[in-house]
Every structure is written in C-alpha cells, then in structure tokens.
Amino acid sequence: MDDTIIKVEGLGKKYLIDHEREGGYTALRDVISSRAKRIFGEKRATLSTKEEFWAIKDLDFEIKRGEAVGIIGKNGAGKSTLLKVLSRITEPTLGRIELNGRVASLLEVGTGFHPELTGRENVFLNGAILGMGRSEIRRKFDEIVDFSGVERFLDTPVKRYSSGMYVRLAFAVAAFLEPEILIVDEVLAVGDAEFQKKCLGKMQQVSRGEGRTVLFVSHNMAAVKSLCSTGIVLKNGRMDFYGSNYEAVQHYQNHNQSNTSFHHEGEVNLAPGNASIRILQMDVVPQEGEILSMNSGVEFRLKVFNSLVDRNLDVTFEVANNDDIIIFHQGVILTSGGNSKIGVYEVSCVLPKLFLNAGSYNIKLIFGENQRYLIYEVSSFLSFEIVQESAGSNSSRLPGVTFPELSFKVITP
C-alpha cells in the first residue's frame, strides 16, 4: 500500500503586480480624473505595467504518512505561499497536488475563526469545516479548552482576544480535531516560550505517536531539528534542498550566511508587514571601516511606514546566533504620548566594537504598542557575519558569544 499522503508535481503560483506610476500615492481626485478621461476617450497620462512574480515555481516532492517536515528559507522564499496552496486557501497557477487526508492549517493569527463568534462557537465551526460531527467535536472539546488555557474567555467573541489567546485556541483546535495533515506556519512565535514548547511537544506526539503528518515552517533551526525528520529548503520560490532535517538546516545556514540589506521598491502595501506597519528598508553596516568585524562596531538602520494613528509605537531588535541562542533583545519607542502619525519612521542603533564575537547572526524585528501588544513580527529578517579583521575570516574563531573589552586591575607582589 502506498503511504504517500502529499504529492506535489510541477507546482507554481504566479501573481501579477500592477505598476501604474513611479512611486507616490494616488489621491481621490487622480482616480476621478483618470476615469473621466477614459469615459471621454482620452488616453491616460500614466503608464500601466504588469509584472509577473512567481512566489513558487517547479516544486516536486512527496511526503509520507507520519512524517514531520520542516520548511525553511529566507523571508520571501515562498514558504507561506506553499502552505496556502497546500491548504487550498490559494489556487495554484501550475501543477498538481494530491492530498490523501483531512488538512488543518494554522497559518496566520485568526485564520479560520469568525471574529464575531465566541471561542466555543469557533471550535464547533472549525470542526464542521474539517467534516466532523458535533458529537465527535464534543469528545475533544474539554482537551481543546484545557490545552488552550482560554476557559475564562470561552464565551467571549474572539475579536476581543489577544493575539496570544487567538493562537493558543487555534492551535488546540487544529491539533486535537485529528486531521491527517497538520500545517503550521510560524504563527506560534506569537505565543510565549512555555506555550511554544507545549505546541512542539504536541506536534511531536501527533507525528511520532499518532502517525499523522506535520508540515512546519519556522526560522527556529533548533525547533526544526528537534521536531522534524525531513527538511525542505526554499530559495526564490524554488526547491533548493530536500533531505534529512540536519542536512537541510546545515545547507540553509551554509548558503545564507549574510543578507545585510533590504530595500523595498514599488507600492508601499506590497512591502513586508501588514495593514499597520510596512518595512521599507533595513541595512546592517559597519560603523567604522568597510567590513563587519569585531573591531568595526555594527549599525542597524531601519525605515518603516506606519498606518496607525494615536498609538505608542515601538520596535524591538532581537539578535540570535546560528544556534538560535538569543544574544540580546532590545527595543525603542518610536513615538511617545500616543501621538503616532501616518508616515515614514526611521530608527538606527549601534552595537559597539568588541561586543559580538566572530560568527553568524540573524535579526528578528518585533513591532508593538507600549511594548506589550504585538502589531507585527518577522524572524530572520536580515543576517550578518562578524569576522576577525586580522585574519580576514572567522575560521580561527575565539570561544564565546561576546567579546567584551574589559578593564582589569592587577596587583602584583
């Protein structure tokens, strides 16, 4: 008997990006004027061009029943698009997919939940979507509530839930209603560390103990190595590597050592982010000299477009090494007094020289309000490598994560 549960052949997803003008924003008067000119047969003053963008292309792979597969790659590699296509949220442009089982997906905060319904009602709604009867859902209901920890708010409309509460309940529903295929994006990062550990344990039980299939997207390489048996590395929408979890992580880390600059060109609403915040530009540059070395110091420069009004906005930079050990987690308030305005904000900060040892690091960006409420976050947004300037590389790397310049006092006899 063939135990293949997911089969993908020649899969591709194309988007058309419409460019109507070079930068800037379209005012209401421009829209009215443009339409009036078209009514009376006048040609438009601006040129309209469409750009083809393949989010994923030429993907071929098979996944066996009971496998836990980690899908890794840089931001924009096509990971989330692949999961949306496999979840049948988005139709593919090319190719063929065979899914031999029920699919439950946890892709974004609130996916599959109706905001006006209570937590209790959404549990039954999701079960019905998965094709389960009410009696079957009732048998699992207590386990779902206990795992999620939202019992006090079960009869509250989920639109009043925090992002963490949303995710806890959504994961519990997806995991306990026993789909044959569980698809999880990095939305779990919204939860606290204890809950993330709890979710990873449940996914291990689902895969190894119950023989169900798990597809897991994460920038946390330690989690991928712990949970998954197989890894898929995506790069620019294409398959870059497919093999064991350790080989996949090693391949990804070896081929993505440094990505120190991001500049978005085109329409603001297509930049990384959401309806509240968009990342327009970020650079990691040496404060002194031309290379990122232990003696140069490191400067982060970030430019974002904010759409929220009258809020206290903040951004946190979290830097981790290749072993996913967090070196530091520091934030800054962009506005004070709750007076944020629509527009572009810029922030920069400097890590002093002799702070980081030679090695590879990645940056996570977390945008919030009052450093309490999450607005948007993105893991491994940029990566950079610190070298020993004298050697020109980190091949003779000194031990330790940091390399502080300490002041010693010695008393001799």
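Read the figures in this text as sums done on the coordinates, not as results from a lab. If you're wondering where the values come from, they're calculated on a predicted model, not measured in any experiment. Cβ: placed from backbone, ideal geometry, glycine included. Neighbour counts: every protein chain shown.
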Item to check | Gain in span if fully extended, Thr260 to Ile89, counting 0.36 nm per residue against the direct Cα distance | outcome: 58.3 nm
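Given the rule -39500 (n - 2.57) for each run of at least 4 DSSP H residues, summed and divided by the residues of the chain, what is its mean residue ellipticity at 222 nm, to the nearest 500 deg cm²/dmol?
So the helix-based figure for the chain works out to -6500 deg cm²/dmol.
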Checklist entry - Under a no-solvent Debye model with one identical scatterer per Cα of the range 53-255, what's log10 I(q)/I(0) at q = 0.14, 0.18 Å⁻¹? => result -0.80, -1.28
Item to check | Simple Cβ-charge dipole of the chain, Lys/Arg +1 and Asp/Glu -1, about Cα centre, in debye nearest 20 | outcome: 840 debye
Next on the checklist: Please compute one quarter of the surface area of the Cα convex hull for the chain and express it in square nanometres.
Outcome noted: 28.3 nm²
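Could you sort the peptides 279-290, 320-331, 209-220 by per-residue average Cβ neighbour count (10 Å cutoff), highest mean leading? Could the numbers behind the result be given before it?
Working: 279-290: 16.2, 320-331: 13.7, 209-220: 20.5.
Answer by packing, highest mean first, reads 209-220, 279-290, 320-331.
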Next on the checklist: With the alpha-carbon atoms as the only input, what is the per residue convex hull volume for the range 79-198 in Å³?
Outcome noted: 105 Å³
Next on the checklist: Placing one identical point scatterer on every Cα of the range 64-147 and ignoring solvent, what is log10 I(q)/I(0) from the Debye formula at q = 0.17, 0.19, 0.27 Å⁻¹?
Outcome noted: -0.92, -1.07, -1.39
Checklist outcome for this item: Looks like the range 156-291, by Cα gyration tensor root eigenvalues a ≥ b ≥ c and the a/c under 1.5 rounded cutoff (else prolate when a/b is bigger than b/c, oblate otherwise), is oblate
Next on the checklist: One quarter of the convex hull surface, Cα atoms only: what value does that give for the range 261-386 in nm²?
Outcome noted: 7.7 nm²
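Quick one: grab the alpha carbon gyration tensor of the range 250-328, order the square roots of its eigenvalues as a ≥ b ≥ c, and give me rounded if a/c is under 1.5, else prolate or oblate depending on whether a/b is larger than b/c.
Taking the square roots of the gyration eigenvalues as a ≥ b ≥ c, the range 250-328 is prolate.
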Next on the checklist: Multiplying the sequence separation of Thr4 and Ala275 by 0.36 nm and subtracting their Cα-Cα distance, what value in nm do you get?
Outcome noted: 93.7 nm
Next on the checklist: With unit charges on the beta carbons (Lys and Arg positive, Asp and Glu negative) and the dipole taken about the Cα centre of the chain, which residue among Leu227, Tyr15, Val410 sits farthest to the positive side?
Outcome noted: Tyr15
Checklist entry - Can you give the extra length, in nm with one decimal, that the chain gains between Arg238 and Glu121 once fully stretched, where that is 0.36 nm per residue apart less the Cα-Cα distance? => result 38.2 nm
